[in-house]
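Everything below concerns the one structure shown next.
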Amino acid sequence: MFEGKPTQTRIEDAAQPTTLEALWESMSGCRHCGLAEGRKNIVFGDGPPRARLMFIGEGPGRDEDLQGRPFVGAAGQLLDKIIAAGGWTREEVYIANIVKCRPPGNRIPNRDEAEACMPWLRRQIQLIAPRLIVLLGATALQFTIDPKARITACRGQWIQRGRIKIMPTFHPAALLRDPSKKRPVWEDIQLVRDEYQRLVEGEE
Ligand code: URA
């Protein structure tokens, strides 16, 4: 996605929205994939429009679908702790997902769904212009970087795409299932924290 490869679906009104609000509005009735059928809310994303740091997860679960906000359920509580451990507040980072509508039963979004949603995410990233992105889990890694990439192999290593430095790490839900993943996530977040501090210092 970071190469800007064409995908099956386009934002039809291709007069590309120039603000996040306009982008959100233009996707409000989105029916680009079957996930539209079962959704209660589109989970567009949360955070300041010019966040330096963005987290990208997989897709909304039940709580997120009901509230229309990303990462508000059990995995979200853990993400809040990860964000706090990095020294940030939730208000200063942007949080989004690969797909903006809940896959039934919280299954992994399929390729068609992810590709249908990708133009929205791509535009969102262009508008926010974060300098750092944390990819949470294999789904985020595979749909943005390389479908064959393994999260266990890629985590902890920066991927550079233009001006953006991207850090893949485990998804918080994986930590809930397997607490031994907490340590590697903490190591990855320390790398992101250090890079973030360098960025802020460079701006001063
Ligand atoms: N898991 C995700 O990947 N995203 C959410 O928004 C919630 C749970």
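Some observations on this one:
- For the range 84-93, putting each phi into the Karplus relation 6.51 cos²θ - 1.76 cosθ + 1.60 with θ = phi - 60° gives couplings of 5, 5, x, x, 9, 10, 5, 6, 9, 10 Hz, in residue order, rounded to whole numbers and with x for Gly and Pro.
- Three-way shape label, the range 99-204, alpha-carbon gyration tensor, a/c 1.5: oblate
- Expected 222 nm ellipticity per residue - DSSP helices of 4 or more, -39500 (n - 2.57), all of the chain, to 500: -12000 deg cm²/dmol
- Normalising the average separation of contacting C-alpha pairs (under 8 angstrom, six or more residues apart) by the number of residues puts the relative contact order of the chain at 24 percent.
- Förster radius 45 Å - calculated FRET efficiency between residue 112 and residue 92 (Cβ-Cβ, nearest 0.05): 0.85
- Highest mean packing first, where packing is the average number of other Cβ atoms within 10 Å per residue, the peptides 38-46, 112-120 line up as 112-120, 38-46.
- Computed 3J(HN,Hα) for the range 28-44, one whole-Hz value per residue from the Karplus formula 6.51 cos²θ - 1.76 cosθ + 1.60 where θ = phi - 60°, is 4, x, 3, 10, 5, 8, x, 5, 4, 3, x, 7, 8, 9, 7, 9, 5, glycine and proline marked x.
- Among beta bridges that DSSP assigns inside the chain, antiparallel share in %, nearest 5: 25 percent
- Normalised contact order of the range 129-170, rounded percent, pairs of Cα under 8 Å and 6 or more residues apart: 50 percent
- Evaluated over the chain, the count of Lys pairs having alpha-carbon atoms less than 29 Å apart is 18 (only pairs 8 or more residues apart or interchain).
- Histogrammed with a bin width of 5 Å, the alpha carbon distances of the chain distribute as 1, 7, 17, 22, 22, 17, 9, 4, 1, 0 percent, first bin at zero.
- The magnitude of the dipole of the range 14-102, with charges of +1 and -1 set on the Cβ of Lys/Arg and Asp/Glu and taken from the Cα centre, is near 100 debye.
- Ordering of 124-134, 18-28 by burial proxy (mean other Cβ atoms within 10 Å per residue, highest first): 124-134, 18-28
- With the cut-off at under 14 Å, measuring from each backbone N in the range 146-171 to a point 7 Å along the Cα-to-Cβ line of residue 85 picks out 156, 169-171.
- Percent breakdown of C-alpha pair distances by 5 Å bin, ordered from the shortest bin, for the range 47-111: 4, 18, 27, 25, 16, 9, 2
Any read-out appearing in this document is the output of simple, stated calculations on the displayed coordinates, not a laboratory observation. Please read all numbers here as calculations on a predicted model, not as lab measurements. Every residue, glycine among them, receives a Cβ derived from its backbone with ideal geometry; neighbour counts consider all protein chains shown.
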